[in-house]
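Report on the following structure.
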Amino acid sequence: MTVSVETRNLSITFGHGPTALKVLPDISFLVEPGECFGLVGESGSGKSTVLRCISMLTDFWKGEILINGKSVRDMPLIERCRTLQMVFQDPYGSLHPRQSVRTVLSEPLRIHKLTNHEERMQKVLSDVGLPGSFLDRFPHQLSGGQRQRVAIARALILEPSLLLLDEPTSALDVSVQAEILNLLQRLREEHGFTYIMVTHDLAVVDHMCDRFAVMLRGEITEILPREAIPGCEAVHPYSRELIGASLEYEGHV
Ligand SMILES: Nc1ncnc2c1ncn2[C@@H]1O[C@H](COP(=O)(O)OP(=O)(O)OP(=O)(O)O)[C@@H](O)[C@H]1O
């Protein structure tokens, strides 16, 4: 199944009293079913926080988050895990050093009482381009790119519809980044996933995303189609600055 995601007046404040920090004052956006939607913007603007709110890793937000029209708050944990999964930036930190790939992949299957573990694990490894023999490897026996493939396999094992990708390639070297982006692209085409992807890299947005939101200090300044990048067709000064700097870096201007 392919799903839409909508946030309506999403806001969150960390802390209380005089030190309280309102990180997201009021965020609303709609991601179409099967779309890859990017979140870009300055460091600390709240991009990862948006993903953590959608996944309920942070759950004290206000407003509404709807997946296919249904509030994530009303989804039991089991249903939420089967609907959405998150892939984190650091494949070194996100895998437990003492857990084999088999343990990483079989644990969710056991918790969710699914059958045919071996078959499902072999299929998901093949989906992410790793041989079945990797089931018996531990994280220290994998390269960075292979670890990120395992992290993606872990996200896919429960066959979710929505992947929340928090800078999934920024900890990898450039050639491996391209491999992982191509893998994510292929998986989306094959499975009809909806992606929400945080990235610092507008080249990644250009390669992967249909549309993207530019964030500045917790607010969305503008939502743009990917096609707006090459000609810097943004209206808000900050979006123009961000896209202009990226084009300059890439040597387009
Ligand atoms: N649990 C928390 N408690 C207090 N402040 C937090 C917490 N989580 C995030 N913040 C603050 O919220 C703001 C937004 O953080 P967030 O990680 O969402 O930014 P970001 O746009 O993803 O940044 P980056 O691009 O550097 O990863 C930052 O000022 C951060 O310090």
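Within the range 170-193, residues that are touching a residue at least 60 places away in the same chain (Cβ under 8 Å) and closer than 20 Å to G93 by Cβ sit with their Cβ atoms under 8 Å from residues that are among the small types (G, A, S) and surrounded by fewer than 18 Cβ atoms within 10 Å (Cβ to Cβ), at 6+ positions apart or across chains, in these pairs: A171/G144; L172/G144. Just one residue in the set S100, S94 is at pLDDT 95 or above and of a type in the set (G, A, S); that residue is S100.
Yes/no matrix, rows are residues, columns are (1) in contact with a helix residue (DSSP H, G or I) (Cβ under 9 Å, 6 or more places away or on another chain); (2) more than 21 Å from L163 (Cα to Cα); (3) away from the ligand (no atom under 15 Å from the Cβ); (4) at pLDDT 95 or above:
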residue: K22; (1), (2), (3), (4): no, yes, no, no
residue: C53; (1), (2), (3), (4): yes, no, no, yes
residue: D59; (1), (2), (3), (4): yes, no, no, no
residue: L66; (1), (2), (3), (4): yes, no, yes, yes
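None of G93, G44 is surrounded by fewer than 19 Cβ atoms within 10 Å (Cβ to Cβ), within 13 Å of the ligand (Cβ to nearest atom) and part of a loop (DSSP other than H, G, I, E, B) except G44.
Might you let me know whether the range 190-202 holds any residue that is part of a helix (DSSP H, G or I) and away from the ligand (no atom under 15 Å from the Cβ)? Yes, because at least one residue in the range 190-202 is part of a helix (DSSP H, G or I) and away from the ligand (no atom under 15 Å from the Cβ). Residues in the range 101-122 that are surrounded by 15 or more Cβ atoms within 10 Å (Cβ to Cβ) and not β-branched (V, I, T): R102, L105, S106, P108, L109, L114, R120, M121, Q122.
The values are calculated or read from the model by the stated rules, or taken from the named source; none is laboratory data. In this text the structure is predicted, and so the values were computed from the model without any measurement. Note that we place each Cβ from the backbone using ideal geometry, even for glycine, and neighbour counts take in every protein chain shown.
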